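Worksheet: the structure to be examined is printed underneath.
All of the numbers you see were taken from the coordinates with simple rules; none came from a lab. All figures in this text were calculated on a predicted structure; none of them were measured in a lab. Using ideal geometry, Cβ is built from the backbone for each residue, glycine included, and neighbour counts are taken over all protein chains shown.
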Amino acid sequence: MKLKWIKWFFVLVLGFLAVLFTVNYPKLDIISGFAAKSMASNVFIANRTPESVIANDHDVPKIKLATVSVDHSQKSAQANVYGIKNRTAIYRNGLGAVLVPEDFENELTLVPNRFQILDTLPYPYGNNGIKDSIFENIDYEILKNAMDLAFSKPEIQKTRTVLVLYKGHLIAEQYNDDFGPDTPILGWSMTKSVMATLYGILEHQNILSVSDFAPIPEWQNDERKNITLNHLLRMQSGLEWNEDYGSISDVTKMLFLDADMSKTQQEKEAIASPAEIWNYSSGTSNVLSGILRTQFNTHQEYLDFPYAALIDKIGMHSMLLEADAVGNYVGSSYGWASTRDWAKFGQLYLNKGVWNGEQLFAPEWIDYVTKPTAKSDGEYGAHFWLNAAADYPDVPKDLFSANGYQGQYVFIIPSKELVVVRTGLAETPDFDTNAFLKEVIMALK
């Protein structure tokens, strides 16, 4: 009798393990894919050590299960989970890291042309040092307290960098031990705001209008033909999408399995009419990246445009936009830049599109991106987040921001003439954004 119970016990255990393996096996592709891609990007773009990446970026549930190695000679990273589901990411000059199959042959020989011109202007309008500025209306002790507050609980807040610009002057910045003013940091979905800005520039150049219908041939024979660029910029396409980073979802499959990320949501069915619902979607931003590519005659022109028209134009020379396997910029998630350069992006918006006397996008573009999108509860404009509904109750309602996964932020507060950048590995509630911004604003008398 005892042997019979032992036998059934082992059967149940084996059954449980079989179910557990069946359920979790598909996730291993994404886990090892995330680990390999993250490692390759951090090592070869941000020049970080593999040990630092493993101890910090990968110290989260599931991802910590991955074993990762780096091949510096091949500029690649490999990852697996308990020896299963090996994934490889390679670094391509000018295009960043990308996940590839074992038999991958890189057919992309083009790289973006960069326009890094040396200048004599101090930061932020140039890169020739920092202008020494003291403002009588700033309480620098309170400002220092605000900076310290952002780093006060390192194991919980996980803040990496903080920077404050006031009236176009750098008045405070602080970094943890692994990061500095020149360290490129992944902005995650802050990249969406960069992608939207490229559309603002093209509209200013009279090349397109956000009211144009999306020029996707596959949509022209069904209800999707009514989707406009405005619907895409406002996440109102009505297309099916699941933005869940904790499971096998549309967004995780796109980022860690798909070769052409511009197609992922493009191929989805409509579940509502345009503007009927609001549904945040990284797939939408990559549809926009694919549409952007169609605005140019050649792939080279597409690759050059973000740098020539925006990034290098305002001196964000540390920035790199990573591309997918077929050469589309991953406009949803993969923009890297130093904290100082992310702040330049915010300053451009504070300046209403003017940089060193040149109007890059129309002042009205600010009104457009900060107009609350219907059904978003006042939280979202056009690829920018808003404070119109006072989600940060102690901060002016005119705040708008580029936000990214794990608490990457570029805050623009026009009424206070402030740009505030914060990067890290934790967001609300672990990092109290409202309390931090409240303290920064309190420093202005």
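Rounded to the nearest 20, the Cβ-based charge dipole of region 335-391 about its Cα centre (Lys and Arg +1, Asp and Glu -1) stands at 120 debye. Just checking the listed ones, Glu105, Glu223, Glu427: in the Gaussian network model of the chain with Cα springs under 10 Å, the one fluctuating most is Glu105.
Gain in length, Arg114 to Asn242, computed as 0.36 nm per residue apart minus the alpha-carbon separation, to one decimal in nm?
Working it through step by step, the gained length comes to 42.5 nm.
With contributions of -39500 (n - 2.57) from each DSSP H run of at least four residues, the per-residue ellipticity at 222 nm computed over the chain stands at -10000 deg cm²/dmol. The per residue volume of the convex hull around the alpha-carbon atoms of region 338-445 is 108 Å³. For a label point 7 Å from the Cα of Asp260 along Cα→C-beta, name the residues of region 322-342 whose backbone N is under 17 Å from it. Flagged as within label range: 323-331.
In the elastic network of the chain, a GNM with C-alpha springs shorter than 10 Å, the most mobile of Phe213, Phe256, Phe400 is Phe213. A simple spin-label model places the labels of Lys438 and Tyr82 4.6 nm from each other, with each point 7 Å out along Cα-to-Cβ. The share of C-alpha pairs in region 188-260 whose separation exceeds 16 Å stands at 62 percent.
Listing His383, His72, His204, His58 from fewest to most neighbouring C-beta atoms within 10 Å gives His72, His204, His58, His383. Computed over neighbours whose Cβ is under 10 Å from that of Trp278, the net charge equals -1, Lys and Arg +1, Asp and Glu -1.
Close amide H partners of Ile138, meaning residues 5 or more places away or on another chain with modelled amide H under 5 Å apart, are Lys445.
Among the listed pairs Lys313/Lys416; Lys37/Lys75; Lys158/Lys371; Lys37/Lys253; Lys37/Lys85; Lys153/Lys445, those with a Cα-Cα distance over 22 Å are Lys313/Lys416; Lys158/Lys371; Lys153/Lys445. Only the Cβ atoms of Lys and Arg (+1) and of Asp and Glu (-1) were treated as charged; on that basis the dipole of the chain about its Cα centre amounts to roughly 940 debye. Other residues within the sphere of radius under 15 Å centred on the Cβ of Leu202, judged by their own Cβ, net out at -3 (K and R +1, D and E -1).
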